[in-house]
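> Below are the structure tokens for one structure; questions will follow.
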Amino acid sequence: MNYCSHCGGPVELKIPPGDTLPRHVCPRCGEIHYLNPKLVIGCVAEWENSILLCKRAIEPRYGRWTLPAGFMENGESTTDAALRETLEEAGARIAIDGLFSLINIPHINQVHLFYRGRLLDPDFASGIESLETALFVEADLPWSELAFRSVTLCLEAYLADRRAGRFGFHEHTLPPPAGY
């Protein structure tokens, strides 16, 4: 951040009085700008023991498979975000069964939340951010073509819980990749 969104003046990175972390502070108007992690919300959506995946039509990871997910918008709940992202990316209407996985990714300032859900019908189609959408049974999941480590972790936990016959809540923190 270079300029204050309140007055347009240049900002300085410093620890404001009463705070413990460096913030972008405008010396002209005194505005303190807090930059916080972004929430990525998605869903493991099933239809008859198959999981819905989307092949990305955008960067990062163009052409790789992922769960329907994306950035949460202001003014919506996390459940609403999961419903919206699944509809936008896969044209799929779902029922949410519950929050399933939280994955902290501090090195990129993101938190990924994944819900468990069920497709309401087998009608789905690629959205503007997807090249393709498909249902995969466990044996056919494209593990080597998954876009993100958070999706791999979520699917591994999901399938383990499904085999065990009960779903829990899973929390992980991803370290930065080697050489980051």
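Rule-based calculations on the coordinates, nothing more; no lab input. Note that the structure is predicted; figures quoted are calculated from it, not measured. A quick note on method: Cβ atoms are made from the backbone with ideal geometry, for glycine too, and the neighbour counts reach across all protein chains shown.
> Considering the alpha-carbon set of the chain alone, what are its Rg and its Dmax in angstrom?
Rg, Dmax (Cα atoms, Å): 19.1, 60.
> Next question, about the same structure. Share of antiparallel DSSP beta bridges in the chain, in percent to the nearest 5?
Details: 29 of 43 bridges.
Of all bridge pairs located within the chain, approximately 65 percent are antiparallel.
> Relative to the longest principal axis of the C-alpha atoms of the chain, give the angle of the C-alpha long axis of helix 149-164, reported between 0 and 90° and rounded to the nearest 10°.
Orientation of helix 149-164: about 40 degrees from the principal axis.
> Something else now. Using alpha carbon centroids, what distance separates the stretch 71-111 and the stretch 1-59, in Å?
16
> With the dipole of the chain worked out from charges on the C-beta (+1 for Lys and Arg, -1 for Asp and Glu) around the Cα centre, which of G117, V151, H33 lies farthest toward the positive end?
So the residue furthest toward the plus end is H33.
> With the chain treated as a Gaussian network of Cα nodes joined by springs under 10 Å, which of K38, K14, K55 yields the largest mean-square fluctuation?
Between K38, K14, K55, it is K14 that shows the largest mean-square fluctuation.
> Gap in Å between the Cα centre of the stretch 158-175 and the Cα centre of the stretch 121-154?
Measuring centre to centre over Cα atoms gives 18 Å.
> Now, a different point. Kindly point out, ordered by number, any Cys in the chain whose beta-carbon has no other cysteine beta-carbon under 4.7 Å away.
Those would be C43, C54, C154, since no other cysteine Cβ in the chain comes under 4.7 Å of theirs.
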